[in-house]
Amino acid sequence: SCRISSDGKPATFQPPPKPVIIDKQKQGLQRRFLSPEFIPPRGRTDPLKFFIERRDMIQRRKVFNIPEFYVGHILAVTTANPYASEKASRFVGICIQRGGKGLGATFVLRNVIEDQGVEICYELYSPRIQAIEVLKLEKRLDDNLMYLRDALPEYSTFDVNMKPVSHLEHEEIPVNKLQVRMKPKPWSKRWERPKYNIKGIKFELPEEKMKEAQKWSKPWLEFDMLREYDTSKIEEKIWREVSEALKK
Amino acid sequence: MMPIWTKSGKKHAVTLLKVQDCHVLKYISKEESGGRTPQLLVGGKNASPFSKSESAMEIFKEAGVPRKQKISTFNVTDDAIIKPGTPLYAAHFRPGQFVDVTAKTIGKGFQGVMKRWGFKGQPASHGQTKTHRRPGAISTNKAAKVYRGKKMPGKMGNIYRTSFGLKVWRINTKHDIIYVNGSVPGHKNCLVKVRDSKLPSCKDCNKNPPFPTFFADGDEELPEDLYDDEVFQFTDPSVTYA
């Protein structure tokens, strides 16, 4: 028996709607990442120096893969060590800072091993580094996680034998909005002051202390035109140069 | 300045020096100069010919070369004399050679005795009246005078100084850049005089240099980058200790 619709006519065959295919690979290519050490600092140096340095950096990247990573990622680095038993030592840690420009670019990894906090500063382009693996991709709310030194040690402990967490290429890198709890004061730096502009700490200080810290705020700094350094055009140019050179 | 790594994994800091439009300007014979060896005048970076008098421009006109910003004299042996007007390139130097670099230091202006000569000054507290960065005593009682050359405040910097025995790690022949070990006196983009080292320990370090100089129109075809034997080149894989 066929179903009679409200109109009284017999139901005709409705073909199913056509599937919409979203090509996620093409969407992912739209995200361009340029490592921050390629952007030249503001100064009176000859641009030829940066060009020659970039050529060396690209040459190193062709031979040795330096993955895309931000502050807050958990990395495992194997370096050549003449004093180790297998001539190679592996260190796992969270990246708390990326500094330096050009060939001397560095990143600091932090981990707590057997209740002792350890920080190691590696040079990205050093020939002694044998492998850099990204174990967990996750951005944090700040660019500089130096406050982890004054946070409770549980926030800096990471398992040395952690397995790499899989991450699809086209997806956005997730931002971990973790608010870290701190050890009691005194800290190595006064992190509550607006100069550091930290969003990733859960301040359990009384209201008066937070108000007193705001006394050191400099609201005129964001309007200072001499401090502006617009890197968007420079970044575009360098990104095109680097991606073309790496494709060859 | 840039880092450079050796094949054993050690890092050294390196200064980049660019050889920009260098020409030989004049040959001065031993009798003319009054010294022990003949001399060659070499000019550096090009500059505009309009701000100097005609008499100063004579040297450049004779050599057939635009006006140069820096002119320096080099004491040369008889067999190393070059015809005025020949261009000089970075390939004149080779990696593994040792070099002396002379330049005017960064000018600091009028400076006090603590910054200029490294005096210790006086304590900040414990009763010091208006005396924290002063030189203190300048002579003894018996001398009854102040000796010539007494270290006192004055203009600091902006004088010629040389760093000796700097090793050349790498040479870029396309852009004429010399990579020299360590730091060099002078500010960024300043004019500098580079000369073969006269240290006695570096006498035998120069093996087969281009003599008298590297001629660009000659038969020699050099690769774009010349490296010292110990330098880690970025085309090689990472360093391992066996």
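Each of B:Asn75 and A:Arg149 was given a label point 7 Å from its Cα along the Cα-to-Cβ line. The distance between the two points is 5.3 nm. Candidate cross-link partners of A:Lys18 among the lysines, defined by an alpha-carbon separation under 29 Å and a same-chain spacing of 8 or more, comprise A:Lys9, A:Lys26. At most 16 other Cβ atoms within 10 Å and a DSSP loop assignment: could you name the GluC sites (Glu not before Pro) in region A:34-117 that fit? Sites meeting the loop and neighbour criteria: A:Glu68, A:Glu86, A:Glu114. GNM on chain B, alpha-carbon springs under 10 angstrom: the most fluctuating residue among B:Arg133, B:Arg36, B:Arg94 is B:Arg133. Note on chain B: with a GNM built from Cα contacts shorter than 10 Å, the maximum mean-square fluctuation among B:Gly127, B:Gly85, B:Gly44 falls on B:Gly127.
Relative to the first principal axis of the alpha-carbon coordinates of chain A, what is the inclination of helix A:47-63, with its axis defined by its Cα atoms, in degrees from 0 to 90 and to the nearest 10? The two axes meet at around 60 degrees.
Where a ≥ b ≥ c are the square roots of the eigenvalues of the C-alpha gyration tensor, would you call region B:160-199 rounded, which needs a/c under 1.5, or, failing that, prolate if a/b is larger than b/c, or oblate? Don't jump to the answer; show the numbers that get you there.
Values: a/c = 1.91, a/b = 1.21, b/c = 1.58.
Here region B:160-199 falls in the oblate category.
Relative to the dominant Cα principal axis of chain A, helix A:232-247 is inclined by about 80°.
For the residues A:Glu208, A:Glu154, A:Glu236, a GNM of chain A with alpha-carbon springs under 10 Å puts the largest fluctuation on A:Glu208.
Suppose we flag GluC sites (Glu not before Pro) only when DSSP calls them loop and at most 14 other Cβ atoms lie within 10 Å. Which is the longest uninterrupted stretch of chain B? Free of exposed loop sites, the longest segment is B:1-219. The angle separating the long axis of helix B:54-63 from the principal Cα axis of greatest extent in chain B is about 40 degrees. For chain B, the gyration tensor built on C-alpha atoms gives an oblate shape. Its axis ratio a/c (a ≥ b ≥ c) is at least 1.5, and a/b is not larger than b/c.
I'd like the distance between the alpha-carbon centres of region A:159-207 and region B:33-71, rounded to an integer number of Å. Using only Cα atoms, the two centres lie 63 Å from each other.
Computed FRET efficiency, Cβ-Cβ of B:Lys83 and A:Arg227, R0 56 Å: what is it to the nearest 0.05? Efficiency, from the Cβ-Cβ distance: 0.55. The lysine pair tally for region B:20-88, using Cα distances under 24 Å and a gap of 8 or more places or different chains, is 20. Across region A:124-139, rounded Karplus estimates of 3J(HN,Hα) from the backbone phi angles (6.51 cos²θ - 1.76 cosθ + 1.60, θ = phi - 60°) give 4, 9, 5, x, 7, 6, 9, 7, 10, 10, 8, 8, 9, 9, 6, 8 Hz, Gly and Pro being marked x.
Close amide H contacts of A:Val180 (hydrogens built in the peptide plane, cut-off under 5 Å, sequence separation of 5 or more or a different chain): A:Ile201, A:Lys202. Karplus-based coupling profile of region B:73-88, in residue order and whole Hz: 9, 10, 7, 10, 6, 4, 7, 10, 6, 10, 5, x, x, 6, x, 10, with θ = phi - 60° in 6.51 cos²θ - 1.76 cosθ + 1.60 and x standing for Gly or Pro. Model label sites at B:Ile138 and B:Phe211, defined 7 Å from Cα along the beta-carbon direction, differ in position by 5.4 nm. For region B:144-166, the residues whose amide N sits under 16 Å from a probe point set 7 Å from the Cα of B:Phe119 along the beta carbon direction are B:146-156. Based on the reciprocal of the average 1/r between different C-alpha atoms, the Kirkwood radius for the protein assembly as shown equals 29.0 Å. Across region B:20-88, C-alpha contacts under 8 Å between residues 6 or more apart give a mean separation that, scaled by the residue count, equals a relative contact order of 44 percent.
Between amide H atoms placed 1.01 Å from N, distances below 5 Å from A:Leu135 occur with A:Ile74, A:Leu75, A:Ala76, all of them 5 or more places distant or on a separate chain.
Per-residue Cβ neighbour counts within 10 Å put A:Leu141, A:Leu109, A:Leu226 in the sequence A:Leu226, A:Leu141, A:Leu109, beginning with the fewest. Only helical runs count toward this figure. For the protein assembly as shown, summing -39,500 (n - 2.57) over DSSP H runs of n ≥ 4 and dividing by all residues gives -4000 deg cm²/dmol at 222 nm.
For the listed residue pairs B:Lys115/B:Lys150; B:Lys108/B:Lys167; A:Lys101/A:Lys195, the alpha carbons are over 18 angstrom apart in B:Lys108/B:Lys167; A:Lys101/A:Lys195. In this calculation the C-beta distance from A:Ile113 to A:Val20 is compared with R0 = 51 Å, giving a FRET efficiency of 0.55. Computed from the C-beta positions of B:Lys10 and B:Met57 and an R0 of 35 Å, the FRET efficiency is 0.10 to the nearest 0.05.
At 7 Å along the Cα-to-beta-carbon direction for both A:Leu168 and A:Thr45, put a label point, then send me their distance in nm to one decimal. Result: 4.0 nm between the two label points.
Bear in mind that the values in this text are calculations on the coordinates, not laboratory data. Predicted model, so just to flag it, every value in this text is computed and none were measured. A quick note on method: Cβ atoms are made from the backbone with ideal geometry, for glycine too, and the neighbour counts reach across all protein chains shown.
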